[in-house]
Amino acid sequence: MKNKKQQQLKILMEKLREKERLRTSGEEAARRYQLIHNNRFHWTLEICKELVPDPHARVLDVGPSYFTTLLEQKYKDVSTLGLDTMTDHGGQRNDSTLALALPHVKFELNNSKDISRWPKVVPPFDLIVFAETLEHLYTAPEYSLAFLSSILTEKGILLVTTPNAAMIMKRFILLLKGKNPYEKIRLIGENPGHYREYTMKELVDIGAQCRLDSVYAEYINFYASANFIYGVLKRLKSTFKDSFVVAFWRM
């Protein structure tokens, strides 16, 4: 009886995981992700071009996405880093990304806390784009920032983009509607949701602890808003904007 019950629960959990994979990682999820993030992709590329204009710079994109295809059009030497490309089919992935066949460093960033597991990456990179990834990690950000800084050239740039946790008006509006402002922890670890969002000050301070100096910092509204009040509020003050960008280099 006990084994039968466990088998039933196992089947149930697998059905729930498959349902979550389709919702977050299927073809429709990839199409929706690209549509929502299209403005962010192009804006981030412009920042990259401003900070690292050399088309021959060695570039690393953390977490392959459609943005990787834009980087590849600007820079001659682009690599990616993240989970195994054979099993990682998150909502941010699409056919154009998979078709690039760029050099890929397989590494789970949550394992950055164990220095012995850091992959050996040679030569180092002039630009590392760490976009919309930090908030998906369940380990302390110091670990991933320390690892990524270790594979930067002497004056290399580590560009981080992430949602602005200080955009409290967004959370306030959701709470007024009776909605939870925080995403539910997902059933699938290969495409996790947001575990923790940060403020710009938090991230700059964390970077400093990792001996990283911020050379560029800006609040940005990456995303269109369907809510009129939210759209107006996030334009009233820079700290109300939905996202921010910080560029670091090693001290």
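No lab work stands behind these numbers, since they all come straight from the coordinates. What you see is a predicted model; the values in this text were computed from it and never measured. Heads up, the Cβs are rebuilt from the backbone with ideal geometry, glycines too, and the neighbour counts pull from every protein chain shown.
Before moving on, here are some points about what is shown:
- Between I11, I157, I168, the Gaussian network model of the chain with springs among Cα atoms under 10 angstrom shows the greatest mean-square fluctuation at I11.
- Max mean-square fluctuation residue, GNM over the chain, Cα-Cα springs under 10 Å, options F67, F228, F147: F228
- The range 149-184 versus the range 63-79: alpha-carbon centroid distance in Å: 23
- Ordering L70, L176 from the fewest to the most neighbouring beta carbons within 10 Å gives L176, L70.
- Distant-in-sequence amide H partners of L152 (H built 1.01 Å from N, under 5 Å): F125
- Charged side chains reduced to their Cβ positions (Lys and Arg at +1, Asp and Glu at -1) give the chain a dipole of some 1200 debye around its Cα centre.
- Residues whose amide H comes within less than 5 Å of that of K234, counting only those at least five positions distant or on another chain, are absent (H built at 1.01 Å from N in the peptide plane).
- Proximity of backbone amide H atoms, modeled 1.01 Å from N, is registered between G193 and R186 at under 5 Å, excluding neighbours fewer than 5 places apart on the same chain.
- Charge-dipole axis of the chain as Lys and Arg at +1 and Asp and Glu at -1 on Cβ define it, positive-most pick from S243, H104, L127: S243
- This ranking places V160, V62 by how few other beta-carbon atoms lie within 10 Å of each, fewest first, which gives V62, V160.
- DSSP beta bridges in the chain [antiparallel fraction, %, rounded to 5]: 45
- Relative contact order %, the chain, counting alpha carbon pairs below 8 Å whose residues are six or more apart: 19
- The helix-based estimate of mean residue ellipticity at 222 nm for the chain, built from -39,500 (n - 2.57) per DSSP H run of four or more residues and divided by its residue count, is -12000 deg cm²/dmol to the nearest 500.
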